[in-house]
Amino acid sequence: MSNTDLLGIYGYNKANGTEKLIAVWSRSPMIQNAGSWEMAPITLTPYQKTEFRTFLDYVFMVDGTDPNYSYDGTTWSTTTNLTDSPIGHYIENYNVRLYLLDVTILGTRYYSRVWFSDLPKNNKITWGLETGTNLVQTAASPTITSSGALFVTRNIKIGDPFTITTGTNLGEYTVQSIDSETQITLTKDLTYSTTGSSFWVGGNWFDVATDDGDSGKGFGKNSNEILVFKRNSLHRYSDNGNSIRQVKGAVGTTARRSIINIGDYTYYYHQTGIYRYGSGSSVLISNAIVDLIEGVTTANQTEIVAWVSKERIANFYLGTVTLRDGSTISNCVASFDTNASQWSTRSYPFAIAAATTWLESNVPNVYIGDTLGYVFKIDDGNDFNSSDIPLQVETHPYYPSPGKTVQFNRLTVEGENAHNVSISYKLIHKQVGMNHWINDSHWKPLKGQQSSQMSQWIFPAGCRAEGVAFKIMESSKISNFLIEKINIGWSNPLDL
């Protein structure tokens, strides 16, 4: 990452109508205000990805390294609704609680642990956690004390684990009673008398498959359950009974920012493809674009970014991909229309680092941040920051006389506003020997120019095969263009 990388972006809307767009560059959150960017008065560790969620009308920000922050539209704080919260890499709100995944407590990182807040009281939350470095212990006694601790205020509960992380009594114990703000009685006596030990106490957590050598990668929500993604597994948690279950046969994700929801389904990326989760199972939906998935680079496996457009289209930024035929799509976005169950692709003029939906005057607009630090409002207007918008469509193969070889001569195209179109072709099932048939592996250009409502494109001499497929490409600032009809000119069918 460089000092221009955009590390996170979030649309923050308050109940009173306040609208804020927050973006993080290098080590500082920036807030858009009246068309300009204002720097927040906080400093973060450089180049840490930031994640956000809104809860109790605050926005909460985590990056896995710095203390968690809350923001009310005016003030940033590490204590408002966050005192003694563990440092989290990922965050989600679910059933009137906040959840953190991949947490750090007193410098120890728990890669597969989820920590959740207590239920709100008077619009405030605690985290059921207290930590310290001055624990006093007495041999043959279960009573411990820590001056300055706030065991009652932090909502420590009977039965909570009490973990001593340094000193001769190192280990995990259980709380029998909370005697005062500074004193707790454990369920068993301690072995040694010692002071100055580090500790943490709290029970608002659960671990997710800690024996698989994997780590938490993000949250989702579906069917009144919170989804916990690891790299190669998916788990569902319900606070009704506090049950955590692995989704049978489901992979997880390599990229937190690939997880999105449309309707009753959760969509996400894994290195094996793009999946749709719903009703307790996960299904691969990207077979139609398998060459794109195969073309995602190793470096981009963790950088996939997804967003929703038009309330039905799931968009996945895949980076620059190389297809099986050797062609390349720069900054490729694969889009899945959930109504039509159809995939399409497009190329952007920039690499996408993060995306968010922001309500502006009750209109949902999508904003993205790129790897050069720019923020764009997309799906708005007819260009990409003054650059032409490219479009590419590949047809299925056409067989003019099924089972017979024909001579392809010309292509007649009817359309509107199609002034900057180019067309390529591939021959399908062409004979190259006595009993040997092949398909073209590369696209070849047709000769012609789409300069009127009807134009002709010419095949090179000797284009003989059973079938042909076309790739139509257009790039312009025109609001719309239309290809109405294509007619294939062919001759000389031959029996094989």
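The values are calculated or read from the model by the stated rules, or taken from the named source; none is laboratory data. None of the values given here were measured: they were computed from a predicted structure. Cβ sites come from the backbone with ideal geometry, for glycine too, and all protein chains shown count toward neighbours.
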Hey, among the residues in the range 203-224 that are assigned to a loop (DSSP other than H, G, I, E, B) and of a type in the set (S, T, N, Q), which one's nearest to the chain's Cα centre (by Cα)?
Ser215
Kindly indicate whether Ser85 is more than 21 Å from Thr54 (Cα to Cα), of a type outside the set (A, V, I, L, M), surrounded by 21 or more Cβ atoms within 10 Å (Cβ to Cβ) and not assigned by TED's automatic domain parsing to the domain that holds Ser193.
no
Conditions first: (1) touching a strand residue (DSSP E or B) at 6+ places or on another chain (Cβ under 8 Å); (2) in contact (Cβ under 8 Å) with a residue 40 or more places away in the chain; (3) over 23 Å from Gly11 (Cβ atoms). Arg109 passes all but one, so which condition is the exception?
(2)
Picking from Thr168, Thr185, the residue that is in a loop (DSSP other than H, G, I, E, B) and out of contact with any Gly (no Cβ under 7 Å at 6 or more places or on another chain) would be Thr168
What are the residues in the range 458-481 that are farther than 21 Å from Gly433 by Cβ and hydrophobic (A, V, I, L, M, F, W, C), if any?
Ile458, Phe459, Ala469, Phe470, Ile472, Met473, Ile478, Phe481
Residue in the range 288-301 that is in a strand (DSSP E or B) and not basic (Lys, Arg) present:
no
Count of residues meeting criterion [of a type in the set (Ser, Thr, Tyr) and in a strand (DSSP E or B)] in the range 395-421:
3
Show the residue pairs that are 6+ apart or on different chains and have beta-carbon atoms under 6 Å apart, the first residue being within the range 302-331 and more than 13 Å from Ala355 (Cβ to Cβ) and at pLDDT below 95, the second being part of a strand (DSSP E or B) and of a type outside the set (S, T, N, Q).
Ile329/Val321
For the range 1-74, list the strands (runs of 3 or more DSSP E) that sit wholly inside it and hold at least 3 residues that are not aliphatic (A, V, I, L, M); which are they?
6-13, 19-25, 28-33, 36-39, 51-55, 69-71
For the range 422-441, how many residues are more than 14 Å from Val468 (Cβ to Cβ) and either at pLDDT 95 or above or part of a loop (DSSP other than H, G, I, E, B) (or both)?
3
Selection from the range 119-150 of residues of a type outside the set (Val, Ile, Thr), more than 18 Å from Leu170 (Cβ to Cβ) and in a loop (DSSP other than H, G, I, E, B) yields Leu119, Pro120, Asn122, Asn123, Trp127, Gly128, Leu129, Ser147, Gly148, Ala149, Leu150
